Amino acid sequence: MKRILTGLQPSGELTIGSLIGGIGNIKKYEDKYESFIFVPDLHSITVDQDPKLLHERIRKNIALYLACGLDPKKNTFYIQSENLYHTNLSWILECNTYMGEASRMTQYKEKSENKKHHSVGLFTYPILMAADILLYDADFVPVGHDQKQHVELARDIAIRFNNKYDDTFTVPEPLIPEVGARIKDLQDPTKKMSKSSENPKGIIFLLDDLEVTRKKIMSAVTDSDNKVIYDEENKPGISNLLMIYSSMTNMSIKEAEEKFKDYNYGNFKKEVAEAIINVIKPIQDKYNEIINSNLIDELLDEGKKKTNEIAKEKYEIVRKKVGLGR
Ligand code: ATP
Ligand code: LTN
(Lines give C-alpha, C1' and ligand atoms only; values in the text may rest on other atoms or scores of the structure.)
(Ligands and ions follow the chains in the order given, each with its own letter.)
Protein backbone atom coordinates (compact mmCIF):
# COMPACT_ATOMS: atom_id res chain seq x y z
CA MET A 1 0.00 0.00 0.00
CA LYS A 2 1.32 3.45 -0.89
CA ARG A 3 1.82 5.88 1.96
CA ILE A 4 0.49 9.44 2.43
CA LEU A 5 1.73 11.85 5.04
CA THR A 6 0.67 15.32 6.02
CA GLY A 7 0.80 17.85 8.84
CA LEU A 8 -1.52 20.69 9.81
CA GLN A 9 0.14 23.38 11.89
CA PRO A 10 -1.31 24.16 15.31
CA SER A 11 -0.92 27.86 14.48
CA GLY A 12 -4.56 28.68 15.27
CA GLU A 13 -7.95 27.21 16.00
CA LEU A 14 -9.34 25.09 13.14
CA THR A 15 -11.93 26.75 10.90
CA ILE A 16 -14.55 25.58 8.42
CA GLY A 17 -11.82 26.23 5.80
CA SER A 18 -9.54 23.71 7.54
CA LEU A 19 -12.45 21.25 7.53
CA ILE A 20 -13.27 21.62 3.85
CA GLY A 21 -9.80 22.06 2.38
CA GLY A 22 -7.55 20.35 4.91
CA ILE A 23 -9.25 17.53 6.82
CA GLY A 24 -11.68 16.80 3.95
CA ASN A 25 -8.73 16.46 1.62
CA ILE A 26 -7.12 13.84 3.88
CA LYS A 27 -10.33 11.95 4.66
CA LYS A 28 -10.86 11.01 1.04
CA TYR A 29 -7.56 9.12 0.94
CA GLU A 30 -7.77 7.16 4.19
CA ASP A 31 -9.16 4.00 2.56
CA LYS A 32 -6.76 4.03 -0.34
CA TYR A 33 -3.41 4.68 1.34
CA GLU A 34 -1.59 4.04 4.58
CA SER A 35 -1.98 7.43 6.24
CA PHE A 36 0.29 9.35 8.61
CA ILE A 37 -1.02 12.58 10.12
CA PHE A 38 1.08 14.61 12.49
CA VAL A 39 1.05 17.94 14.30
CA PRO A 40 4.10 19.95 13.12
CA ASP A 41 4.49 21.83 16.38
CA LEU A 42 8.17 22.55 15.68
CA HIS A 43 7.13 24.38 12.52
CA SER A 44 4.76 26.56 14.53
CA ILE A 45 7.53 28.06 16.65
CA THR A 46 9.25 29.53 13.58
CA VAL A 47 6.98 32.48 14.42
CA ASP A 48 6.08 33.76 17.88
CA GLN A 49 3.69 31.54 19.87
CA ASP A 50 2.16 31.76 23.30
CA PRO A 51 3.42 28.51 24.91
CA LYS A 52 0.21 27.83 26.84
CA LEU A 53 -2.04 28.35 23.82
CA LEU A 54 0.24 26.29 21.58
CA HIS A 55 0.23 23.44 24.07
CA GLU A 56 -3.57 23.43 24.30
CA ARG A 57 -4.05 23.58 20.55
CA ILE A 58 -1.95 20.50 19.86
CA ARG A 59 -4.34 18.29 21.80
CA LYS A 60 -7.40 20.20 20.60
CA ASN A 61 -6.42 19.78 16.96
CA ILE A 62 -6.02 16.02 17.29
CA ALA A 63 -9.44 15.84 19.01
CA LEU A 64 -10.92 17.89 16.18
CA TYR A 65 -9.44 15.67 13.45
CA LEU A 66 -11.17 12.74 15.13
CA ALA A 67 -14.39 14.69 15.70
CA CYS A 68 -14.41 15.63 12.00
CA GLY A 69 -14.40 11.97 11.10
CA LEU A 70 -10.78 10.92 10.50
CA ASP A 71 -10.74 7.27 11.47
CA PRO A 72 -8.18 6.40 14.20
CA LYS A 73 -7.93 2.86 12.81
CA LYS A 74 -6.97 4.08 9.35
CA ASN A 75 -4.62 6.94 10.26
CA THR A 76 -1.55 7.10 12.46
CA PHE A 77 -1.53 10.30 14.56
CA TYR A 78 1.61 11.71 16.15
CA ILE A 79 3.37 14.86 17.28
CA GLN A 80 6.49 16.02 15.47
CA SER A 81 8.40 17.16 18.56
CA GLU A 82 7.92 13.72 20.17
CA ASN A 83 10.22 12.22 17.58
CA LEU A 84 13.80 13.51 17.69
CA TYR A 85 14.69 11.99 14.31
CA HIS A 86 12.83 14.77 12.48
CA THR A 87 15.25 17.45 13.66
CA ASN A 88 18.27 15.15 13.38
CA LEU A 89 17.52 14.30 9.77
CA SER A 90 16.66 17.93 9.10
CA TRP A 91 20.23 18.97 10.00
CA ILE A 92 21.73 16.42 7.62
CA LEU A 93 19.39 17.59 4.87
CA GLU A 94 20.25 21.24 5.59
CA CYS A 95 23.85 20.32 4.81
CA ASN A 96 22.65 18.91 1.48
CA THR A 97 20.51 21.91 0.49
CA TYR A 98 21.83 24.96 -1.36
CA MET A 99 21.27 28.48 -0.05
CA GLY A 100 20.01 29.41 -3.52
CA GLU A 101 17.20 26.89 -3.59
CA ALA A 102 16.12 27.59 0.00
CA SER A 103 16.13 31.34 -0.75
CA ARG A 104 13.60 30.86 -3.55
CA MET A 105 10.80 29.72 -1.22
CA THR A 106 7.95 32.20 -1.64
CA GLN A 107 6.37 31.47 1.74
CA TYR A 108 9.62 32.50 3.43
CA LYS A 109 9.74 35.69 1.40
CA GLU A 110 6.12 36.53 2.25
CA LYS A 111 6.40 35.72 5.93
CA SER A 112 9.68 37.56 6.45
CA GLU A 113 8.77 40.63 4.42
CA ASN A 114 8.36 43.87 6.36
CA LYS A 115 9.25 42.17 9.66
CA LYS A 116 11.68 43.90 11.98
CA HIS A 117 13.09 40.48 12.94
CA HIS A 118 12.42 36.97 11.87
CA SER A 119 13.90 33.66 12.97
CA VAL A 120 16.49 31.52 11.18
CA GLY A 121 13.93 28.71 11.66
CA LEU A 122 11.54 30.48 9.32
CA PHE A 123 14.19 30.15 6.62
CA THR A 124 15.07 26.50 7.27
CA TYR A 125 11.40 25.52 7.81
CA PRO A 126 11.02 23.82 4.38
CA ILE A 127 14.02 21.59 5.10
CA LEU A 128 12.46 20.36 8.33
CA MET A 129 9.35 19.70 6.26
CA ALA A 130 11.48 17.67 3.81
CA ALA A 131 12.75 15.63 6.78
CA ASP A 132 9.16 15.06 7.99
CA ILE A 133 8.33 13.59 4.61
CA LEU A 134 11.51 11.70 3.68
CA LEU A 135 11.91 9.96 7.06
CA TYR A 136 8.79 7.91 6.29
CA ASP A 137 9.28 7.32 2.56
CA ALA A 138 5.92 9.00 1.92
CA ASP A 139 4.72 8.48 -1.65
CA PHE A 140 2.17 11.29 -1.59
CA VAL A 141 1.80 14.48 0.42
CA PRO A 142 -1.70 16.02 0.49
CA VAL A 143 -1.28 19.80 0.85
CA GLY A 144 -2.80 23.07 -0.33
CA HIS A 145 -1.31 25.07 -3.23
CA ASP A 146 0.73 27.18 -0.83
CA GLN A 147 2.81 24.12 0.17
CA LYS A 148 3.51 22.76 -3.32
CA GLN A 149 6.88 24.50 -3.60
CA HIS A 150 7.97 22.99 -0.28
CA VAL A 151 7.13 19.46 -1.43
CA GLU A 152 9.06 20.15 -4.64
CA LEU A 153 12.07 21.16 -2.55
CA ALA A 154 11.74 17.86 -0.64
CA ARG A 155 11.77 16.06 -4.00
CA ASP A 156 14.89 17.91 -5.14
CA ILE A 157 16.68 17.17 -1.87
CA ALA A 158 15.71 13.46 -2.09
CA ILE A 159 16.91 13.16 -5.68
CA ARG A 160 20.22 14.86 -4.91
CA PHE A 161 20.79 12.72 -1.84
CA ASN A 162 19.93 9.52 -3.75
CA ASN A 163 22.41 10.45 -6.46
CA LYS A 164 25.15 11.25 -4.02
CA TYR A 165 24.70 8.38 -1.53
CA ASP A 166 22.73 5.76 -3.51
CA ASP A 167 19.00 5.24 -3.33
CA THR A 168 17.88 6.20 0.18
CA PHE A 169 14.62 8.14 0.01
CA THR A 170 11.33 7.70 -1.84
CA VAL A 171 10.80 10.80 -4.00
CA PRO A 172 7.43 12.20 -2.82
CA GLU A 173 4.68 13.75 -4.89
CA PRO A 174 2.32 16.50 -3.74
CA LEU A 175 -1.43 15.76 -3.85
CA ILE A 176 -3.10 19.09 -4.45
CA PRO A 177 -6.92 19.31 -4.42
CA GLU A 178 -8.14 20.09 -7.96
CA VAL A 179 -10.21 23.23 -7.98
CA GLY A 180 -11.62 22.57 -4.52
CA ALA A 181 -13.61 24.96 -2.41
CA ARG A 182 -11.64 27.96 -1.24
CA ILE A 183 -13.51 29.46 1.66
CA LYS A 184 -12.97 33.20 2.01
CA ASP A 185 -12.95 35.54 4.98
CA LEU A 186 -16.48 36.75 5.87
CA GLN A 187 -15.35 40.32 6.43
CA ASP A 188 -12.92 40.45 3.51
CA PRO A 189 -14.12 37.92 0.94
CA THR A 190 -11.17 38.60 -1.35
CA LYS A 191 -8.81 36.77 1.03
CA LYS A 192 -8.71 33.18 2.32
CA MET A 193 -10.43 32.35 5.61
CA SER A 194 -7.26 31.63 7.53
CA LYS A 195 -6.95 30.33 11.08
CA SER A 196 -4.24 32.83 11.92
CA SER A 197 -6.03 35.95 10.62
CA GLU A 198 -6.46 38.81 13.01
CA ASN A 199 -10.20 39.53 12.80
CA PRO A 200 -12.23 36.64 14.30
CA LYS A 201 -15.47 38.08 12.86
CA GLY A 202 -14.39 36.94 9.43
CA ILE A 203 -13.74 33.36 10.50
CA ILE A 204 -16.03 30.49 11.54
CA PHE A 205 -14.08 28.34 13.95
CA LEU A 206 -15.21 24.74 14.30
CA LEU A 207 -15.61 25.27 18.04
CA ASP A 208 -17.44 28.59 17.82
CA ASP A 209 -20.52 28.94 19.97
CA LEU A 210 -23.51 28.30 17.67
CA GLU A 211 -25.07 31.70 18.39
CA VAL A 212 -21.77 33.38 17.57
CA THR A 213 -21.69 31.42 14.30
CA ARG A 214 -25.14 32.74 13.41
CA LYS A 215 -24.10 36.31 14.19
CA LYS A 216 -20.92 36.04 12.12
CA ILE A 217 -22.88 34.85 9.09
CA MET A 218 -25.61 37.49 9.55
CA SER A 219 -22.97 40.23 9.59
CA ALA A 220 -20.91 38.83 6.68
CA VAL A 221 -20.02 41.49 4.11
CA THR A 222 -22.22 41.37 0.98
CA ASP A 223 -23.37 43.95 -1.59
CA SER A 224 -26.53 45.94 -2.16
CA ASP A 225 -28.31 44.37 -5.11
CA ASN A 226 -30.06 41.65 -3.07
CA LYS A 227 -29.69 38.86 -5.66
CA VAL A 228 -28.26 35.51 -4.60
CA ILE A 229 -26.04 34.84 -7.62
CA TYR A 230 -22.56 33.33 -7.85
CA ASP A 231 -20.24 35.96 -9.33
CA GLU A 232 -16.85 35.89 -7.62
CA GLU A 233 -15.63 39.07 -9.23
CA ASN A 234 -18.58 41.38 -8.66
CA LYS A 235 -20.23 39.68 -5.69
CA PRO A 236 -17.40 38.07 -3.66
CA GLY A 237 -19.35 38.07 -0.37
CA ILE A 238 -22.48 36.35 -1.71
CA SER A 239 -20.37 33.98 -3.82
CA ASN A 240 -18.43 32.96 -0.70
CA LEU A 241 -21.66 32.31 1.23
CA LEU A 242 -22.94 30.21 -1.68
CA MET A 243 -19.65 28.30 -1.70
CA ILE A 244 -19.92 27.70 2.05
CA TYR A 245 -23.54 26.57 1.70
CA SER A 246 -22.67 24.26 -1.16
CA SER A 247 -19.71 22.74 0.74
CA MET A 248 -21.80 22.20 3.87
CA THR A 249 -24.74 20.57 2.11
CA ASN A 250 -23.00 18.93 -0.87
CA MET A 251 -25.44 20.79 -3.10
CA SER A 252 -23.93 22.23 -6.26
CA ILE A 253 -23.57 26.00 -6.57
CA LYS A 254 -26.09 25.94 -9.44
CA GLU A 255 -28.68 24.10 -7.34
CA ALA A 256 -28.11 26.47 -4.44
CA GLU A 257 -28.57 29.51 -6.72
CA GLU A 258 -31.85 28.02 -7.91
CA LYS A 259 -33.03 27.31 -4.36
CA PHE A 260 -32.31 30.86 -3.20
CA LYS A 261 -33.39 32.80 -6.28
CA ASP A 262 -36.36 34.41 -4.52
CA TYR A 263 -34.65 34.92 -1.15
CA ASN A 264 -33.49 38.25 0.23
CA TYR A 265 -29.99 38.34 1.76
CA GLY A 266 -31.31 38.14 5.35
CA ASN A 267 -33.21 34.91 4.76
CA PHE A 268 -30.42 33.47 2.64
CA LYS A 269 -27.91 34.11 5.41
CA LYS A 270 -30.17 32.39 7.96
CA GLU A 271 -30.10 29.25 5.82
CA VAL A 272 -26.34 29.43 5.41
CA ALA A 273 -25.95 29.69 9.18
CA GLU A 274 -28.27 26.68 9.70
CA ALA A 275 -26.31 24.63 7.16
CA ILE A 276 -23.05 25.37 9.00
CA ILE A 277 -24.59 24.58 12.37
CA ASN A 278 -25.90 21.25 11.08
CA VAL A 279 -22.30 20.34 10.27
CA ILE A 280 -20.44 21.78 13.24
CA LYS A 281 -22.89 20.82 16.01
CA PRO A 282 -22.18 17.05 15.72
CA ILE A 283 -18.46 17.83 15.44
CA GLN A 284 -18.62 19.83 18.67
CA ASP A 285 -20.60 17.09 20.44
CA LYS A 286 -18.04 14.49 19.45
CA TYR A 287 -15.18 16.85 20.37
CA ASN A 288 -16.62 17.40 23.87
CA GLU A 289 -16.96 13.67 24.30
CA ILE A 290 -13.32 12.92 23.49
CA ILE A 291 -11.26 15.96 24.48
CA ASN A 292 -10.89 14.79 28.08
CA SER A 293 -10.93 11.06 27.39
CA ASN A 294 -7.91 8.77 27.30
CA LEU A 295 -8.42 8.15 23.59
CA ILE A 296 -6.19 11.01 22.46
CA ASP A 297 -3.24 10.02 24.65
CA GLU A 298 -3.63 6.39 23.71
CA LEU A 299 -3.55 7.23 20.01
CA LEU A 300 -0.64 9.62 20.37
CA ASP A 301 1.35 7.11 22.43
CA GLU A 302 0.74 4.44 19.82
CA GLY A 303 1.62 6.86 17.02
CA LYS A 304 4.79 7.95 18.82
CA LYS A 305 5.98 4.38 19.26
CA LYS A 306 5.24 3.33 15.72
CA THR A 307 6.71 6.39 14.03
CA ASN A 308 9.83 6.43 16.22
CA GLU A 309 10.61 2.89 15.10
CA ILE A 310 10.20 3.72 11.41
CA ALA A 311 12.12 6.97 11.72
CA LYS A 312 14.99 5.41 13.65
CA GLU A 313 15.54 2.81 10.98
CA LYS A 314 15.69 5.41 8.21
CA TYR A 315 17.84 7.79 10.22
CA GLU A 316 20.40 5.07 10.98
CA ILE A 317 20.69 4.27 7.27
CA VAL A 318 21.24 7.95 6.48
CA ARG A 319 23.75 8.43 9.28
CA LYS A 320 25.87 5.53 8.05
CA LYS A 321 25.74 6.64 4.43
CA VAL A 322 26.92 10.12 5.36
CA GLY A 323 29.72 8.68 7.51
CA LEU A 324 28.63 10.00 10.90
CA GLY A 325 29.28 8.43 14.30
CA ARG A 326 31.33 5.38 15.13
P1 ATP B 1 -2.35 29.64 8.65
O2 ATP B 1 -3.28 30.79 8.89
O3 ATP B 1 -1.61 29.21 9.89
O4 ATP B 1 -1.47 29.81 7.45
P5 ATP B 1 -4.42 28.23 7.33
O6 ATP B 1 -5.74 28.42 7.98
O7 ATP B 1 -4.16 29.05 6.14
O8 ATP B 1 -3.27 28.40 8.39
P9 ATP B 1 -3.18 25.68 6.89
O10 ATP B 1 -3.01 24.99 8.18
O11 ATP B 1 -1.99 26.30 6.23
O12 ATP B 1 -4.37 26.73 7.03
O13 ATP B 1 -3.88 24.76 5.85
C14 ATP B 1 -4.09 23.41 6.02
C15 ATP B 1 -4.79 22.95 4.78
O16 ATP B 1 -6.15 23.40 4.81
C17 ATP B 1 -4.13 23.52 3.54
O18 ATP B 1 -3.65 22.47 2.76
C19 ATP B 1 -5.21 24.30 2.84
O20 ATP B 1 -5.34 23.89 1.50
C21 ATP B 1 -6.52 24.00 3.59
N22 ATP B 1 -7.25 25.24 3.87
C23 ATP B 1 -6.97 26.15 4.82
N24 ATP B 1 -7.82 27.19 4.79
C25 ATP B 1 -8.69 26.92 3.78
C26 ATP B 1 -9.80 27.61 3.22
N27 ATP B 1 -10.18 28.79 3.71
N28 ATP B 1 -10.47 27.06 2.20
C29 ATP B 1 -10.09 25.86 1.71
N30 ATP B 1 -9.04 25.16 2.18
C31 ATP B 1 -8.34 25.67 3.18
N1 LTN C 1 4.12 23.40 6.19
C2 LTN C 1 2.81 22.76 6.32
C3 LTN C 1 2.77 21.83 7.49
C4 LTN C 1 3.75 20.71 7.36
C5 LTN C 1 3.67 19.61 6.48
C6 LTN C 1 4.84 18.82 6.71
C7 LTN C 1 2.73 19.23 5.52
C8 LTN C 1 4.91 20.55 8.07
N9 LTN C 1 5.55 19.43 7.69
C10 LTN C 1 5.07 17.66 5.98
C11 LTN C 1 2.98 18.06 4.81
C12 LTN C 1 4.14 17.29 5.04
C13 LTN C 1 1.74 23.85 6.46
O14 LTN C 1 2.01 24.90 6.93
N15 LTN C 1 0.52 23.55 6.06
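Computed values, structure above
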read-out: Isotropically averaged projected area of the chain, using the convex hull of Cα atoms (one quarter of hull area), nm²; value: 18.1
read-out: Per residue solvent-accessible surface (Å²) - region 74-213, probe of 1.4 Å; value: 49
read-out: Surface share of carbon and sulfur [accessible, 1.4 angstrom probe, percent] for the chain; value: 51
read-out: Per-bin percent of Cα-Cα distances, region 62-205 [10 Å]; value: 10, 30, 37, 20, 3, 0
read-out: Spatial separation of Cα centroids for region 47-70 and region 133-152, in angstrom; value: 21
read-out: Where Rh is the Kirkwood radius over Cα pairs, Rg/Rh for region 114-191; value: 1.10
read-out: Region 233-326, accessible area per residue, ligands and nucleic acids excluded (1.4 Å, Å²); value: 57
read-out: Loop sites in region 160-245: GluC sites (Glu not before Pro), DSSP, at most 15 other Cβ within 10 Å; value: GLU178, GLU198, GLU232, GLU233
read-out: Kirkwood Rh and Cα Rg combined as Rg/Rh, region 26-139; value: 1.00
read-out: Relative contact order (%) - region 1-48, alpha-carbon pairs under 8 angstrom, separation at least six; value: 63
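The values are calculated or read from the model by the stated rules, or taken from the named source; none is laboratory data. Note that the structure is a prediction, hence the values are computed from the model and not measured. With ideal geometry, Cβ positions are generated from the backbone for all residues, glycine too; neighbour counts draw on all protein chains shown. Areas reflect the complete protein model, heavy atoms only, side chains present, ligands, DNA and RNA absent. Shrake-Rupley method; radii C 1.70, N 1.55, O 1.52, S 1.80 Å.
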